[in-house]
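Q: Here it is, the structure in full.
Only the coordinates and a few stated rules stand behind these numbers; no lab work does. Everything quoted here is computed from the prediction, not taken from an experiment. Counting neighbours? That spans all protein chains shown, and the Cβs are built from the backbone with ideal geometry, glycine included.
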Amino acid sequence: MTRIQIIEVIVTCLVYVAIHLLTNHSIDKIIAQNTSAKTRAKIIKKAVHLIAFSIFLIVISSIFGVNQSELFVFIGSVLTVMGIALFAQWSILSNITAGVIIFFSHSAKLDDTIVILDKDYEVEGRISDIGLFFILIKTNETQITIPNNVFLQKMVKSKIK
């Protein structure tokens, strides 16, 4: 590793940290002005940071001389394998799809207090996270994880704030 590569890596890391901090600050500032989007800030931050980290990894790999065409062939291969794995596992694909549907069009949002009406077991708690595969609901005693596709199929009663 040459001195130039070391300097480039340090500069890239500093730029990544600066972008991370600036995007956090910017998203918080925008969300503070828009009261209806406060619950979505967590997921927006995750998406922005995932994109920034992906770009960071591409820049670091190019610093170390990884050929861009080889890198894109590798990324394409990984995405193909993931696509086949998701296609073979319908429940995972349905959870991801359900997660997107819940996030954008379901009446229950992050930090809402809800009751999931089920004939066997009724759950009441606050939605703490909507992930790609699961929804986390915090009750008084525990944290419950529910697959997105199951949550989408249940009747949900939201408590009005």
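Q: Across the stretch 3-88, what fraction of all alpha-carbon pairs, as a whole percent, falls in each successive 10 Å bin from zero upward?
A: Using 10 Å bins, I get a P(r) of 15, 31, 29, 21, 4 for the stretch 3-88.
Q: While we're looking at this one, here's another question. Under the 0.36 nm per residue contour assumption, what length would be gained going from the current alpha-carbon distance of His25 and Thr139 to full extension?
A: 38.0 nm
Q: Among the trypsin sites (Lys or Arg not before Pro) within the stretch 49-139, which fall in a DSSP loop and have no more than 12 other Cβ atoms within 10 Å of their own Cβ? Working shown, then result.
A: Values: sites: Lys109, Lys119, Arg126, Lys138; in loops: Lys109, Lys119.
For trypsin sites (Lys or Arg not before Pro) across the stretch 49-139 that sit outside H, G, I, E and B with at most 12 neighbouring Cβ atoms in 10 Å, the list reads Lys119.
Q: In whole angstrom, how long is each semi-axis of the equivalent ellipsoid of the stretch 107-158, when you take the square root of 5 times every eigenvalue of its Cα gyration tensor and sort them from largest down?
A: 14, 13, 11
Q: Evaluated at 4 °C with a viscosity of 1.567 mPa s, what Stokes-Einstein diffusion coefficient in µm²/s does the chain have when Rh comes from the Kirkwood expression over alpha-carbon pairs? Don't jump to the answer; show the numbers that get you there.
A: Values: Rh = 18.8 Å.
The diffusion coefficient I find is 69 µm²/s.
Q: Which loop GluC sites (Glu not before Pro) in the stretch 88-144, with loop taken from DSSP, have no more than 15 other Cβ atoms within 10 angstrom of their Cβ? Please list the in-between numbers first.
A: Values: sites: Glu122, Glu124, Glu141; in loops: Glu122, Glu141.
The qualifying sites are Glu122, Glu141.
Q: Let me ask something additional. So for the chain, averaging the separation of alpha carbon pairs under 8 Å that are six or more residues apart and normalising by length, what relative contact order in percent results?
A: So the answer I get is 17 percent.
Q: So which of Lys119/Lys159; Lys42/Lys154; Lys42/Lys138; Lys46/Lys138; Lys45/Lys119 end up more than 28 Å apart, counting from Cα to Cα?
A: Long pairs (Cα-Cα over 28 Å): Lys45/Lys119.
Q: Once both axes come from the Cα atoms, what is the angle between helix 41-63 and the longest principal axis of the chain, in degrees from 0 to 90, rounded to 10?
A: Approximately 20 degrees, to the nearest 10.
Q: Taking Cα atoms, how many degrees apart are the long axis of helix 68-88 and the longest axis of the chain, rounded to 10 and kept between 0 and 90?
A: Approximately 20 degrees, to the nearest 10.
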